[in-house]
Amino acid sequence: MEQYDVIVVGAGPGGSTAALYSDRAGLRTLLLDKDVFPRDKACGDLLPSACLEILGDLGLSSELEALAACRVRRVVFANETERLLLDGRDFTAVQRRLFDNLLFSAARQRVDTIEGVRVESLLVSEGRVSGVRAVRPDGSRVEWTARVVVGADGYSSIVARSLHRRMPPERLALATRGYFGGVRIPTDEAHFYYLRDCSPGYVWIFPVGNGFANVGLFVFASDYRGRGQSLRGLFQDLLQRHPLAESFQHAELLEPLLSWSLPLANEREPLHGEGFVLVGDAAGLVDPFWGHGIDSAMVSGRLSARAIADAVVLGASGGDALGAYSDSVHERFESSWHV
C-alpha cells in the first residue's frame, strides 16, 4: 500500500489547484478523479479575477490565452425595463472542459494522477482519516494511505460525509445551462438578467469562444419549490420572453441542457476534520449571492495546501493542526458571504 503526504479526491479546479500547491510545498501528492479528462462540467464558465491570479502564480496564464476563451470587457445587468453596464475586465469566460483539462494537465506533469478511479470510502485509523479505498474501471479495489486527504469531489463528496453534514434547502441553489450558437450578444460582454419570474435568481449569457454562448438559469431552491414547472421548462420559457427573445430569435441549442445543485457558503461551518480538509463545492463554498464557485474552489485549494504543509512540518494531521485551514477560508470569504 503506497503512502502519500496528501491524497486529493477530485481533479476539478479546486482539487488540481490543491495538488499543484501541495507539490510546490514539497508534499508527495496523489490526485484521483472518477472521470477521464478532458470531460465536461456543468457550470457557467465565468472565471473571476482570483482564478486568473492563481493561474498567473502557477505559470499557466499563457496556456489560458491559448484556449478559445473570451475576455470580458463589460458586464450588463438588466431586468424587463432597465440596463446597467459596468467594467468587466476582471472576468474571462472559457468552457470548463477546456479549463479543467488545462489545470489537470499541469497537475499530471507534477504529481501522481489516476483517472477513472472511484473513491468509495475512507480509511480510518484511530479515529482519523488515513487514506482512501477506491474501485478501478476493471472493478478491482485499491487502497492508498496519506497524512491528509483533501475532499475536492463536489456536492456529493464522499469525503464531506465524514462531517455528517446535511445541506438545508435554504443553503441550496439550482442551476441549468446549455451551449447555444447564434445568440445575439457582443463577445466581450457578460449578461445577467434579473427577471420577475425567476426572482431572486437570474438568467446569464456568457460568450465562451468559437461562436458559442453559455446560457443558464440560477435560482434558490427554497424559492423554486412549489412553482409547478420544471427548471428547464422555466428556463426555456424565459428565453422566449422580453427582454431575451430578441437575442435568441435565431439561436440554437447545441447540446442537451445540464442541471445541478449548488451548496451555498456558510461561515459557521468547519471545513476540516481529523485527517482531512474540504475544498470547493465539497466544502459548500459557492457564493450565496452570485452563485459562482470556481474562484472559491481554487483559493481554498491553495489555502489547503498551505495548511497541510504547515501541519506536516509539525508532524501532525489532526483536526487541531488543520483548523488553520478553516480559519483562513472564512477570513478570505466571510465578507462576501453576508447577503
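The values are calculated or read from the model by the stated rules, or taken from the named source; none is laboratory data. Worth saying up front: this structure is predicted, and the values here are computed from it rather than measured. Glycine gets a Cβ as well: all are built from the backbone with ideal geometry, and neighbour counts include every protein chain shown.
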Picking from 235, 333, 248, the residue that is among the aromatic types (Phe, Trp, Tyr), farther than 22 Å from residue 48 by Cβ and part of a helix (DSSP H, G or I) would be 235
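Per-residue answers, yes or no, for (1) out of contact with any Ser or Thr (no Cβ under 8 Å at 6 or more places or on another chain); (2) part of a loop (DSSP other than H, G, I, E, B); (3) not hydroxyl-bearing (Ser, Thr, Tyr):
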| position | (1), (2), (3) |
| --- | --- |
| 15 | yes, no, yes |
| 20 | yes, no, yes |
| 23 | no, no, yes |
| 26 | yes, yes, yes |
| 32 | no, no, yes |
| 35 | yes, yes, yes |
| 39 | yes, yes, yes |
| 44 | yes, yes, yes |
Just to check your reading of the model, which residue among 268, 227 is outside any helix (DSSP H, G or I), in contact with a His (Cβ under 9 Å, 6 or more places away or on another chain) and surrounded by fewer than 18 Cβ atoms within 10 Å (Cβ to Cβ)?
268
Taking segment 300-330 only, how many residues are β-branched (Val, Ile, Thr) and either at positive phi or surrounded by fewer than 24 Cβ atoms within 10 Å (Cβ to Cβ) (or both)?
2
When the residues of segment 234-273 are filtered to those that are of a type in the set (Asp, Glu) and closer than 21 Å to residue 288 by Cβ, which remaining residue is modelled with the highest pLDDT?
269
Quick check on residue 100: is it outside the structural domain of residue 203 (by TED's automatic domain parsing), closer than 20 Å to residue 17 by Cα and either touching a His at 6+ places or on another chain (Cβ under 7 Å) or not in a strand (DSSP E or B) (or both)?
yes
Can you pull out the residues in segment 271-301 that are assigned to a loop (DSSP other than H, G, I, E, B) and acidic (Asp, Glu)?
274, 287
Tell me whether segment 126-138 contains one or more residues that are modelled with pLDDT of 95 or more, surrounded by fewer than 17 Cβ atoms within 10 Å (Cβ to Cβ) and either of a type in the set (Phe, Trp, Tyr) or in the same structural domain as residue 23 (by TED's automatic domain parsing) (or both).
yes
Going through segment 86-121 in order, the residues found to be hydrophobic (A, V, I, L, M, F, W, C) and modelled with pLDDT under 95 are 86, 91
Looking only at segment 271-295, and only at residues there that are closer than 22 Å to residue 164 by Cα and either more than 14 Å from the chain's Cα centre (by Cα) or among the polar types (S, T, N, Q) (or both), the one that is surrounded by the fewest Cβ atoms within 10 Å (Cβ to Cβ)
274
Could you list, in sequence order, all residues of segment 145-157 that are in contact (Cβ under 8 Å) with a residue 60 or more places away in the chain and under 16 Å from the mean Cα position of the chain (by Cα)?
150, 151, 152, 153, 154, 155, 157
Taking segment 159-200 and the residues there that are in a loop (DSSP other than H, G, I, E, B) and buried (at least 22 other Cβ atoms within 10 Å of the Cβ), the one that is nearest to the chain's Cα centre (by Cα) would be 159
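Here's the yes/no breakdown for (1) of a type outside the set (Lys, Arg); (2) in a loop (DSSP other than H, G, I, E, B); (3) within 30 Å of residue 94 (Cα to Cα):
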site	(1), (2), (3)
119	yes, no, yes
124	yes, no, no
129	yes, no, no
138	yes, yes, no
154	yes, yes, yes
